[in-house]
1. Taking A:GLY16 and the conditions (1) at pLDDT below 70; (2) part of a helix (DSSP H, G or I), which numbered condition does it fall short on, given that it satisfies the others?
2. May I ask you to list the residues in the stretch A:79-109 that are basic (Lys, Arg) and more than 10 Å from every other protein chain (Cβ to nearest Cβ)?
3. In this structure, does B:GLY92 turn out to be facing chain A (nearest Cβ under 9 Å), modelled with pLDDT under 90 and touching a helix residue (DSSP H, G or I) at 6+ places or on another chain (Cβ under 8 Å)?
4. Go through the stretch A:77-101 residue by residue and tally those that are touching a strand residue (DSSP E or B) at 6+ places or on another chain (Cβ under 8 Å) and in contact (Cβ under 8 Å) with a residue 60 or more places away in the chain.
5. Looking only at residues that are under 26 Å from the mean Cα position of the chain (by Cα) and of a type in the set (Val, Ile, Thr) in the stretch A:125-139, which one is nearest to the other protein chains (Cβ to nearest Cβ)?
6. Can you say whether B:ARG76 is surrounded by 12 or more Cβ atoms within 10 Å (Cβ to Cβ), at pLDDT below 90 and touching a Gly at 6+ places or on another chain (Cβ under 8 Å), as far as the supplied structure shows?
7. Return yes when A:LYS143 is of a type outside the set (S, T, N, Q), out of contact with any helix residue (DSSP H, G or I) (no Cβ under 8 Å at 6 or more places or on another chain) and over 19 Å from A:VAL87 (Cα atoms) and no when it is not.
8. If I ask for residues that are farther than 19 Å from A:LYS143 by Cβ, under 15 Å from the mean Cα position of the chain (by Cα) and outside any helix (DSSP H, G or I), which ones from the stretch A:74-107 would you list?
Amino acid sequence: MKLRFERRPLISMTLGTLLLLGIVAWPHPAALAAQSAAAAAPTPIHASALQIQLIQAEDVKLPAEFQMAMYEHVVEEVDKTHRFQHVYRDGDRDAAGAPDLVTLKCTVTGFKQGSAEKRQVTTVTGKTSVNVHLVFTDKNGQKLFENNVEGKVQFLGENLRATFDFGKKVAAVVRQDFAPAKPTRKA
Amino acid sequence: MAKRTRTVLLSALLLTAALAALSPFAEAQEKATTDFKVKHVIGLQAIQHNTKGQATVSKDALTFTSGPTKSDVAIRGIEDVQTGADSQRIIGGTLGTLTMFAPYGSGRFLSLFREKIDTLTIEYRDTNGGLHGAIFTLPQGQAAVLKAQLVAAGAKASPVPAQEATKK
């Protein structure tokens, strides 16, 4: 009888520990979702070179300074990702020699020029935004994938800051979909 | 005859003196129109963003100088020059950002003080054919002058849009 009373807390403690371990070891729904997303996500693309074409704005009236600032920021930010051994500019003759060249074409689909003054005074109005459709193609012109990106400035900064935000977001897309560049051999 | 020769010599001397006296003014005037105080926003090789400096147009190149650093854009490589208009806070930079946190909305009040500026966008190709875009900001009214000098030096520029032309 005495022995029975001593066993009870032992059994409940064991059961409690097992239950706790079960809860901890049970896969969390978020972790499951992340695992399935990782399984569904395409494998990163390997390419040694990327050529960035000049930003196109056929149906949208885009000021020249925005067009060139977007282009320059994309070149700079994509280069910083270290996903390619070479990032070529539009028209660069050396790009033709790259065996697995990927080309990035950016087309502006929407542009709203806000006001830095309104942003700084009211905080909630005067947003500047630029919407761009990105298309990545291989050397044969086959589409690899496409994406939509919005560059914006909502609080601090002048209107051109939206172009910097755009460059950062394109770099994030590149970082996500391309494998890191293989280190170059030293001569 | 001697009197006439003396008069001619005197007038020639006076003319030379007048030209010599005027030449520093002419040089200064020429210098004033070829040096522009600009801010390099983005696009020049080896120059950091938002660097203030001087832009000079010579026969072969547009040169941006900021202290010891210098960057050249070959005139023959320039494919387009475009001007635009914008505005910026009078108190800018880090101090400008800090004023945003000033008490009683005084930072917002300071944001109302803005100055109009011109923008100058230059599209150019490097020796490999790679496209670059350099953007500068200048005091109001200066961009058109700099553009005219670049075009006169041989840079290509797209035709002035009708709206821009009517403003002038």
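The values are calculated or read from the model by the stated rules, or taken from the named source; none is laboratory data. None of these values were measured; they are calculated from a predicted model. Cβ coordinates were reconstructed from backbone atoms using ideal geometry, including for glycine residues, and neighbour counts include every protein chain displayed.
1. It is condition (1) that A:GLY16 fails.
2. To start, the set of residues in the stretch A:79-109 that are basic (Lys, Arg) comprises A:80, A:83, A:89, A:93, A:105.
A:LYS80, A:ARG83, A:LYS105, listed by residue number.
3. Working: facing chain A (nearest Cβ under 9 Å): yes; modelled with pLDDT under 90: yes; touching a helix residue (DSSP H, G or I) at 6+ places or on another chain (Cβ under 8 Å): no.
So B:GLY92 does not fit the description; no.
4. To start, the set of residues in the stretch A:77-101 that are touching a strand residue (DSSP E or B) at 6+ places or on another chain (Cβ under 8 Å) comprises A:78-79, A:81, A:83-92, A:94-95, A:98, A:100-101.
When the remaining residues are screened for being in contact (Cβ under 8 Å) with a residue 60 or more places away in the chain, the result is A:78, A:81, A:83-85.
Qualifying residue count, the stretch A:77-101: 5.
5. As a first pass, look at the stretch A:125-139 and keep what is under 26 Å from the mean Cα position of the chain (by Cα): A:126-139.
If we keep only those that are of a type in the set (Val, Ile, Thr) as well, we get A:128, A:130, A:132, A:135, A:137.
Working: A:THR128: 11, A:VAL130: 15, A:VAL132: 16, A:VAL135: 18, A:THR137: 18 Å.
Looking at the filtered set, the residue picked out is A:THR128.
6. Values: surrounded by 12 or more Cβ atoms within 10 Å (Cβ to Cβ): yes; at pLDDT below 90: no; touching a Gly at 6+ places or on another chain (Cβ under 8 Å): yes.
In short, no.
7. Numbers: of a type outside the set (S, T, N, Q): yes; out of contact with any helix residue (DSSP H, G or I) (no Cβ under 8 Å at 6 or more places or on another chain): yes; over 19 Å from A:VAL87 (Cα atoms): no.
No, not satisfied.
8. A:THR81, A:HIS82
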